[in-house]
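Student: Structure in structure tokens, see below.
The values are calculated or read from the model by the stated rules, or taken from the named source; none is laboratory data. If you're wondering where the values come from, they're calculated on a predicted model, not measured in any experiment. Every residue, glycine among them, receives a Cβ derived from its backbone with ideal geometry; neighbour counts consider all protein chains shown.
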Amino acid sequence: MTMWRVFLITALVWSGGLWAEPEKALEQNDFAWGITLEPGASSPFYQLPLPPAVYEGVTRGDLGDLRLFNGKGRLLPHELSLPPRIKMADESLAPVKLFPLFGTRTADLQLLSMRFSRSTEQGQLTLEQRQLHRDRNEVLRGYLLQLWDGEERPAIRAIKLQWASESQGFIHPLRLEQSDDLSRWRPLASAAVMADLGYSGERLIKREIELPKKTARYIRLTRVDGESPIELTAVDRVIKGRSVIQPTSILNITTIQRGEQPGDYRFELPGRLPVTGMNVIPGEQNTLVRVSLYSRDDEQAAWTRRSSGRVYRLQVNETPFEQTSLTLNRTSDRYWKLTVDQVGGGLGEVLPTIRVNWLPHQLQFAARGEGPYLLAYGSARAKAAQAASLLNGFTPLEQEQLVSQSIAVGEPLALGGPAALTVERSYDWKQWSLWGVLILATLLLGWMAWSTLRQMKRADG
């Protein structure tokens, strides 16, 4: 019995070693295709839009069979992200009119503010700088700001205070009041502080004050404790950047098939492209129809409605009048169906022109080791890569300095070829040995239990 137990323990330990054997690391030939990336400048990180060929060659919808290799064939950490469809432009600065308010400590701030006002020819109230006589007992009480001229109010997010660099070692809570006519003032809800502190070689500066969305034209700035504020050299308004629609790539669909039902058209994308919109252009002039777009990721799956609307292509007094765009939530489905309402004759005999708008992923990777680098894709063996956050902890400005987009993208080339897209069926002696050991161990355990039970019965007898 002892020998059998020793054999059983040895077999289980050996089978555990088979289970624990690490999986073979991915190599370049485990992928069907690759694209060479040649850096144009030295940088720790690089970023580029994912080439269209990658979408055509991957086997996974999540792009999990994509890897980066350096010149020595070692894997590199990478990150994929989808850029927003609408991007905010950078903020801008513009100076505002700044008027110091000098007066005695008991003087009415209202009267001090009105000293700079005048009426324009259009009847508007504005401020202008005047050379005023300042008495000896007058001190700086605060500042009067005019945020903008004219009728249209700019999209102001904040104001930015400027003072002389030698003015350090202060922190002042501020009172902000707003007015449209310089006579009726109301407090701004947001708390405000200006500060310039230095300690152990470090300098902490707080000069920006956030403003509510609908701030009035005039702002009066004073200290909460009534003392004289630090002398300002200028005040800038921070104007919000306007939203800009990201430019998209365009794919012209060359193969469109008519469906079984009248008004149905089917087409397929070459890969799982992140689609953001489509243009459906009628083939015949003076066509106005209502259409619906459907998609699915698998040919056997049910259709999902993505968008609908009217499209038309008209000629009015020899002037083209068109509406062909359909917006939709971003999707990476490959199979599409266009359904056209047949009221009014549909699209006629001529097939429509379909243009797909899509926004590629942004690929970032760490440039470890020497180049050229290789973007490999298309593999049945590769599993989804663990998500990596390469630039967490860095500010947007630091990220801009660390990441270079100066990189040349080569043409697709074959690595493992189509064979890498299928799982190779081969005899795995380790797997068969493992199963054999487990089955034998199970039989031995059963035999040992049966033998022990027989001995117990004999002892009882």
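Student: So which residues in region 349-370 are of a type in the set (Gly, Ala, Ser) and exposed (fewer than 15 other Cβ atoms within 10 Å of the Cβ), if there are any at all?
Tutor: Here is the first cut: in region 349-370, the ones of a type in the set (Gly, Ala, Ser) are 366-367, 369.
Correct list: Gly369 only.
Student: Can you find, within region 43-71, the residue that is farthest from Thr422 (Cα to Cα) among those that are crowded, with 16+ Cβ neighbours inside 10 Å and in contact with an Asp or Glu (Cβ under 7 Å, 6 or more places away or on another chain)?
Tutor: Ranking the qualifying residues of region 43-71, first place goes to Asn70.
Student: Any residue in region 255-270 that is part of a strand (DSSP E or B) sitting within a Cβ distance under 8 Å of a residue that is surrounded by 11 or more Cβ atoms within 10 Å (Cβ to Cβ) and acidic (Asp, Glu)? List the pairs, counting only those 6 or more apart or interchain.
Tutor: Sorted first by the residue in region 255-270, then by its partner, the pairs are Arg258/Asp264.
Student: Shifting gears a bit: Looking at Val244, is it in contact with a Leu (Cβ under 7 Å, 6 or more places away or on another chain) and among the aliphatic types (A, V, I, L, M)? Let's see the steps before the verdict.
Tutor: Numbers: in contact with a Leu (Cβ under 7 Å, 6 or more places away or on another chain): no; among the aliphatic types (A, V, I, L, M): yes.
In short, no.
Student: I'd like the full set of residues that are at pLDDT below 70 and either among the charged types (D, E, K, R) or under 30 Å from Tyr46 (Cα atoms) (or both), limited to region 409-461.
Tutor: Glu424, Arg425, Asp428, Lys430, Lys457, Arg458, Asp460 - these are the residues of region 409-461 that are at pLDDT below 70 and either among the charged types (D, E, K, R) or under 30 Å from Tyr46 (Cα atoms) (or both).
Student: Taking Trp303 as the residue in question, decide whether it is under 19 Å from Pro360 (Cβ atoms) and of a type in the set (Phe, Trp, Tyr).
Tutor: It is false that Trp303 is under 19 Å from Pro360 (Cβ atoms) and of a type in the set (Phe, Trp, Tyr).
Student: Identify, please: which residue in region 234-261 is β-branched (Val, Ile, Thr) and surrounded by 14 or more Cβ atoms within 10 Å (Cβ to Cβ) and is, among those, farthest from Ser308 (Cα to Cα)?
Tutor: Residue satisfying both the conditions and the ranking: Val235.
Student: Next up: Among the strands (runs of 3 or more DSSP E) contained in region 8-105, which hold 2 or more residues that are on the phi < 0 side of the Ramachandran plot and at pLDDT 80 or above? Lay out the reasoning, then the answer.
Tutor: Numbers: elements: 33-39, 45-49, 66-69, 78-81, 86-88, 92-95, 97-103.
Correct list: 33-39, 45-49, 66-69, 78-81, 92-95, 97-103.
Student: Then there is this: Give the residue that is surrounded by the fewest Cβ atoms within 10 Å (Cβ to Cβ), with candidates limited to residues of region 186-214 that are modelled with pLDDT of 90 or more and not in a strand (DSSP E or B).
Tutor: Taking the candidates together, the pick is Arg207.
Student: Can I ask one more? Would you call Asp264 among the charged types (D, E, K, R), assigned by TED's automatic domain parsing to the domain that holds Arg330, surrounded by 13 or more Cβ atoms within 10 Å (Cβ to Cβ) and modelled with pLDDT of 90 or more? I'd like the intermediate steps shown before the answer.
Tutor: Working: among the charged types (D, E, K, R): yes; assigned by TED's automatic domain parsing to the domain that holds Arg330: yes; surrounded by 13 or more Cβ atoms within 10 Å (Cβ to Cβ): yes; modelled with pLDDT of 90 or more: yes.
When the stated conditions are applied, Asp264 passes them.
Student: Answer yes if at least one residue in region 222-233 is among the small types (Gly, Ala, Ser), surrounded by fewer than 18 Cβ atoms within 10 Å (Cβ to Cβ) and either modelled with pLDDT of 90 or more or within 31 Å of the chain's Cα centre (by Cα) (or both), and no otherwise.
Tutor: No: zero hits.
Student: Would you be able to tell me the number of residues in region 295-328 that are surrounded by 12 or more Cβ atoms within 10 Å (Cβ to Cβ), assigned to a loop (DSSP other than H, G, I, E, B) and modelled with pLDDT under 95?
Tutor: 2
Student: Moving to a separate point now. Any chance you could count how many residues in region 145-180 are of a type outside the set (A, V, I, L, M), part of a loop (DSSP other than H, G, I, E, B) and surrounded by 12 or more Cβ atoms within 10 Å (Cβ to Cβ)?
Tutor: Taking region 145-180 first, the residues of a type outside the set (A, V, I, L, M) are 146, 148-154, 157, 160, 162-163, 165-170, 172-173, 175, 177-180.
Among the residues that remain, those that are also part of a loop (DSSP other than H, G, I, E, B) are: 148-154, 165-169, 180.
From the residues that got through so far, the ones that are surrounded by 12 or more Cβ atoms within 10 Å (Cβ to Cβ) too are 148-149, 153-154, 167-168, 180.
Counting residues in region 145-180 that are of a type outside the set (A, V, I, L, M), part of a loop (DSSP other than H, G, I, E, B) and surrounded by 12 or more Cβ atoms within 10 Å (Cβ to Cβ) gives 7.
Student: If Ser406 passes every condition in (1) under 27 Å from the mean Cα position of the chain (by Cα); (2) at pLDDT below 85; (3) exposed (fewer than 15 other Cβ atoms within 10 Å of the Cβ) but one, which one does it miss?
Tutor: Condition not satisfied by Ser406: (2).
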